[in-house]
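Just so you know, all these numbers are worked out from the coordinates, no wet-lab data involved. This structure is a prediction, so every number in the text was calculated from the model and none was measured. As a convention, Cβ positions derive from the backbone with ideal geometry for all residues, glycine included, and neighbour counts pool all protein chains shown.
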Amino acid sequence: MKPIFNDTTILEADAKKKFHFPDYVMMENAASAMERLILKQTPLPDQLFIVCGKGNNGADGIALARKLACKIHSYLLLLGAPKTPEAKIQKEMAEACKVDFLTENDFVAKLSSCKKNDVIVDCIFGTGFKGELSAQIKNLILKLNSIDARKIACDISSGLEFNADITVTMGALKSALFSDKAKAVSGKIITADLGISENLFTKCGSPDAYLVEKTDAKLPYRKNKSAHKGNFGHAAVFCGEKSGAGIIAGSASLVSGSGLSSLIKTEKSDISQFKISPELMISDSIPENTTSILIGSGLGKQNVTKIINKFENWFRNSKKAAAVIDADMFYFPELGNLLSELNKIQDAKIILTPHPKELANLSKICGFGEQTTAEILEHRFEFGKAFTKKYKNTVLVMKSANTVIAADNQLYIISDGCQNLAKAGSGDVLAGIINGLLAQGYSAKDAAITGCELHALAAQEIGEEAFFLTPELLIKTIHNLNP
């Protein structure tokens, strides 16, 4: 896992003090990282267009133009006089190297000659920018976005408006790069060292979150040659008004390794209309040897109290109390009280998997206040920590373009998911995978992290732009993965 920081200002200050690195050395290394990236482009660009702000993010761009002088024909637009000492020095050095500074009109005119293999670099604002972009800068960025060329953002897309193919972030990963809005404009994120290795640099502070990588998925490989199905748990799923969701989840539980998987019928189940795989068992009650239960997927929102009471009684009396709570459960008015009671049970393992709308409703019914979907998405980091502090035996999986997992007072970000997952049933697959892992004895945190990453990697395997992804295809694709 890679550490992520909300603010690297203190981190940089500590690194400069500890390793005796002045600002200009870090800036030179930042520019060199972008220079190396550009010189690796195939084919090499004929022209480079750099837009720079007045602060140190702009100074990185000025340094880049100087380093590429006489290598690639570079045009630089400086949006105002440099404000910081480093930016002023970089401008003087660049002028001495005959860097081609242009007015905005001349720069925009030159853009008409920009070709597909040329490069545009956004060095206007870094992660420290707050507020709204001016109309002038917004219009300029719209113009840059409209041009078919390779695009690089320095540190972060300015105001999250510049559509980068690659973002070169400096020193360490920042949490601002992992919002849903940032995902849409950041492209591939590369961390550039500032003259100090990333490992040393990140040890200068305490991470605010961690980025989950492919190797962090702890798959349940079966190494005991004398194992039997009972060794791998029994995952059960309540089937309600829309039993198709439960059937999908039950199949996903099996593919993630549970030894047994059962569908629990309820009064409103419509299981009979489906052709169900013989791999899945069907039960009128919770099977005696159940080790984890999924409740909520396709359950329905009306008259579910009896089902929830059955679930709560099982959870209280189970020796291995583990559950995934999903979908329609986030509209159950008494969920907050239920979670409070379940969290009193020693060694309880509870995982919640809401999508953004469900997360906003969860905030309301659990006493954290009424928030819109947009508001809760903007404050997921803070909400996740507050929620799991209140419900200590609970792991919260906040699904979205980048999924954020809150567990043990820490945050874990899954950024490998892609837009093809925007399809009904994808969430049921995820809930089922996690349920299957819990059934096998995983901790709630490990089940959430491994399940979410496995789900994301399967989607990647199918293809991020694939419109034909279905829950069934997603489940089948997991067979081919070997993280």
In nanometres, the difference between 0.36 nm per residue of separation and the alpha-carbon distance of ASN289 and LYS218 is 23.1 nm
extent check for the stretch 285-333: Cα max minus min per principal axis, descending, whole Å, gives 29, 17, 17
XL table LYS268/LYS301; LYS310/LYS423; LYS71/LYS115; LYS242/LYS301; LYS265/LYS392; Cα-Cα > 19 Å flagged, in table order, is LYS310/LYS423; LYS265/LYS392
Note: the stretch 24-119 at 4 °C, 1.567 mPa s; Kirkwood Rh on alpha carbon pairs; Stokes-Einstein D in µm²/s works out to 97 µm²/s
Correct response: the longest run of the chain lacking exposed GluC sites (Glu not before Pro), defined by DSSP loop and at most 12 other Cβ within 10 Å, is 133-266
Between the modelled labels at ASP270 and ALA184 (7 Å from Cα along Cα→Cβ) the distance in nm is 3.3 nm
Sparse-neighbourhood loop hits (chymotrypsin sites (Phe, Trp or Tyr not before Pro), the stretch 216-307; DSSP loop; Cβ within 10 Å at most 14 others) -> TYR221, PHE274
Placing +1 on each Lys and Arg Cβ and -1 on each Asp and Glu Cβ in the stretch 153-284, then taking the dipole about the Cα centre, the residue among ALA176, ALA153, VAL237 whose Cα reaches farthest towards the positive end is VAL237
Set LYS2/LYS40; LYS214/LYS364; LYS319/LYS476; LYS225/LYS476; LYS17/LYS67, cut-off 30 Å on Cα-Cα distance; pairs above it are LYS214/LYS364; LYS319/LYS476
Counting all Cα-Cα pairs in the stretch 365-483, those more than 17 Å apart amount in percent to 58 percent
Partner aspartates and glutamates whose C-alpha sits under 14 Å from that of LYS445, ignoring same-chain residues fewer than 8 away, are ASP216, ASP347, ASP408, GLU453
Treating every alpha carbon of the stretch 242-283 as one equal point scatterer without solvent, the Debye formula yields log10 I(q)/I(0) values at q = 0.13, 0.22, 0.35 Å⁻¹ of -0.23, -0.66, -1.42
One quarter of the C-alpha convex hull surface, i.e. the mean projected area of the chain in nm², amounts to 25.1 nm²
Distance in nm between LYS116 and ALA424 label points, each 7 Å along Cα→Cβ, equals 3.9 nm
Expected unfolding gain across ASN105-LYS389 under the 0.36 nm per residue rule, minus the alpha-carbon gap, is 96.8 nm
Extension length gain for VAL25 and ILE10 (0.36 nm per residue less Cα distance), in nm, is 3.7 nm
Filtered pair list for the stretch 130-212 (Lys only, Cα < 17 Å, 8 or more apart or interchain) has a length of 11
Where a ≥ b ≥ c are root eigenvalues of the Cα gyration tensor, a/c under 1.5 meaning rounded, otherwise prolate if a/b exceeds b/c and oblate otherwise, the stretch 260-365 counts as oblate
